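Below is one structure, written out as structure tokens; comments come after it.
The values are calculated or read from the model by the stated rules, or taken from the named source; none is laboratory data. Given the structure is predicted, the values throughout are model-derived calculations rather than measurements. Glycine also receives a Cβ, built like all others from the backbone with ideal geometry; neighbour counts cover every protein chain displayed.
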Amino acid sequence: MKEYLKKHRLGIVFGILCGLLFGFYVYLIEFPIEGAVYVLLLWSIFGAIFLGADFFLYKKKMKKLEIEEQKILVSYNRNWPEYSDEIEHIYQNMIRKLQDEKMQMVSNQDAWQSDITDYYTLWVHQVKTPISAMKLMLLNMESGSQRRELEAELFQMEQYVEMALPYIRLQSDTNDLVIQFYELDRIVKKAVKKFSKVFIGKKISLDLKEINLKVLTDDKWLSFVIEQILSNALKYTKEGKIQIYTMDEKLIIEDTGIGIAPEDLPRVCENGYTGYNGRLDRKSSGLGLYLCKQTMEKLGHTFEIKSKVGIGTSVILGLERKKKVV
């Protein structure tokens, strides 16, 4: 109502002034009061009827515009109310041009995203061939410190390659999730087995508690998260152990590593943020924990990190489903 009165304030003021002028004119010519009151009463009734009808049409039009406002963000639509004046017509034409431009930009962005995804998918598959070849070459090398170092570097290369596709897929609208119940024990043991040589090479002990839990998730994406956490734990743990256990519907991975500085802890899951530890390790990309958190949110799970410098870090994966899958 307030906006309607504001929009039609000139017409309302004009109507009131006309009534006042009529009253003043009646006073000057000494017209009978009863007749003047009757005319003013009719004036007021017809004015109220006109304003009421106009206000009803105004509200109807506003409601339709509000519906179209919601649609315009997600779809191409031109089912707008008829314009009432030339100014409104100009605004509608401006919106049409902006919407056309937006749809063109969205189309270009989708095409670019598709090309990028296809390129990185092809790149990942192609780069796996030389990695496999290098693995075979290392098998023919004599055992020794040089071979172990090369195996460790090659393993790190594989980890970085495997990080590329999840990063691209998380940025796109594609959804390749297969949500069903999985044995968490199987997923964890598969991830641990992958890092077995790193555990042995760094002389880090593993304390894997019994896990009897079925989780509603996607095993491929959850495996990716667990592997990233284990990779980080092994990278920043010089001695001690890594402990894996469950509590309620949470999977907890604890290490006795260098820990995370308090000022870095709130930001370690930001895209590209490396923090103090990342500055010490020049190879750190700042993507691992970011991808972990984004993946857990996509799965409808929770992700939490607790850490103390010099004591270690605990990563808590809340596997209870808090929301629908994205």
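Observations, loosely collected:
- Number of residues in region 227-279 that are assigned to a loop (DSSP other than H, G, I, E, B) and at negative phi: the value is 19.
- Qualifying residue in region 171-178 (condition: part of a helix (DSSP H, G or I) and modelled with pLDDT under 80): yes
- Failed item, numbered, when Asn140 is tested on (1) within 22 Å of Leu230 (Cβ to Cβ); (2) without any contact (Cβ under 8 Å) to a residue 12 or more places away in the chain: (1)
- Unmet criterion (only one of (1) assigned by TED's automatic domain parsing to the domain that holds Ile311; (2) farther than 30 Å from Ser114 by Cα) for Ser223: (2)
- Residue match in region 184-196 (condition: more than 21 Å from Gln294 (Cα to Cα), touching a strand residue (DSSP E or B) at 6+ places or on another chain (Cβ under 8 Å), polar (S, T, N, Q) and in the same structural domain as Gln243 (by TED's automatic domain parsing)): no
- Of everything in region 197-220 that is acidic (Asp, Glu) and either not in a strand (DSSP E or B) or not assigned by TED's automatic domain parsing to the domain that holds Thr256 (or both), the residue that is farthest from Ile258 (Cα to Cα) is Asp218.
- For the residues Val161, Val106, the requirement of being in a helix (DSSP H, G or I), more than 30 Å from Lys197 (Cβ to Cβ) and within 24 Å of the chain's Cα centre (by Cα) singles out Val106.
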